[in-house]
1. Restricting the search to the stretch 1-28, which residues are farther than 22 Å from L50 by Cα and touching a strand residue (DSSP E or B) at 6+ places or on another chain (Cβ under 8 Å)?
2. List, please: which pairs have Cβ atoms under 6 Å, are six or more places apart or on different chains, and start with a residue in the stretch 38-65 that is among the hydrophobic types (A, V, I, L, M, F, W, C) and end with one that is at pLDDT below 95?
3. Exactly one of these conditions fails for E200: (1) in contact (Cβ under 8 Å) with a residue 12 or more places away in the chain; (2) part of a helix (DSSP H, G or I). Give me its number.
4. Quick one: which of R121, R135 is surrounded by fewer than 22 Cβ atoms within 10 Å (Cβ to Cβ) and either in a loop (DSSP other than H, G, I, E, B) or of a type outside the set (K, R) (or both)?
5. What helices (runs of 4 or more DSSP H) lie completely within the stretch 1-86 and have 2 or more residues being surrounded by 18 or more Cβ atoms within 10 Å (Cβ to Cβ) and among the hydrophobic types (A, V, I, L, M, F, W, C)?
Amino acid sequence: MTNKIRIDKEKTALLIIDMQNSYCHPEGSIGRNGYDSSMMNATIPKVKELLEVSPSNEILDIWTIQNHYPDDQTRNNALITPHTHRWEAGPPALKDTWDAEVVDELKEFIDDKAELVTKHRFSAFLDTRLDTLLRMKGITTLIIAGVATTHCVETTVRDAYQRDYNVIVAEEAVAGINIEDHEASLRLINKVFGLVLDNEKINSLMRGEDVNYEIAVEELVNK
């Protein structure tokens, strides 16, 4: 089923999730723990493409910065060992470390107009100022890029959808640790929570153009 979409630029924000050394740099904590960070590293130029278009079209840029703490009592005292404590190299993106910094390639885009939101869990909405900020700015549509698809991206997408935001995910500008889980997450997002579009279409939207897209629908079990 083909449909057409045009965004209201004044009501749209580009939400960039956790583009930090911990996740995207080969020497970040994800890589040090033995995971392959190459997919997440490859999103950097794709996120940059979006950032080169959004400011000139007056699209608000919002960045989430994940901060973990080595003395986080909610996790140190957990009955079931949390994911941040299952890795030999320790929790990622520890506050005030190189791991928690935005990757060098994108730092130039964080100017005085950009909004930074600190978060401590997967969702950009959980116990942060994001929802209040979006309502204050009159934002109803989120274009989402960043990492990791299966963790912070998908959790944020779910929370955004449940708060009645329109959600568009930048297919080439999100990534995870492995391709299978990444693709499964994108399929679910596209079927249930919003739209998954490539950079070309997203850049067209940010320029105020109409874009055609295919609506993903579930097949009925019994027809």
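1. At the first step, the residues of the stretch 1-28 found to be farther than 22 Å from L50 by Cα are 1-3, 26-28.
Of everything in the stretch 1-28, those that are farther than 22 Å from L50 by Cα and touching a strand residue (DSSP E or B) at 6+ places or on another chain (Cβ under 8 Å) turn out to be M1, T2, N3, G28.
2. none
3. (1)
4. On the way: R135 fails: either in a loop (DSSP other than H, G, I, E, B) or of a type outside the set (K, R) (or both).
Result of the check over R121, R135: R121.
5. 38-41, 44-53
The values are calculated or read from the model by the stated rules, or taken from the named source; none is laboratory data. These numbers were taken from a predicted model, which means no experiment stands behind them. Backbone-built Cβ (ideal geometry, glycine too); neighbour counts: all protein chains shown.
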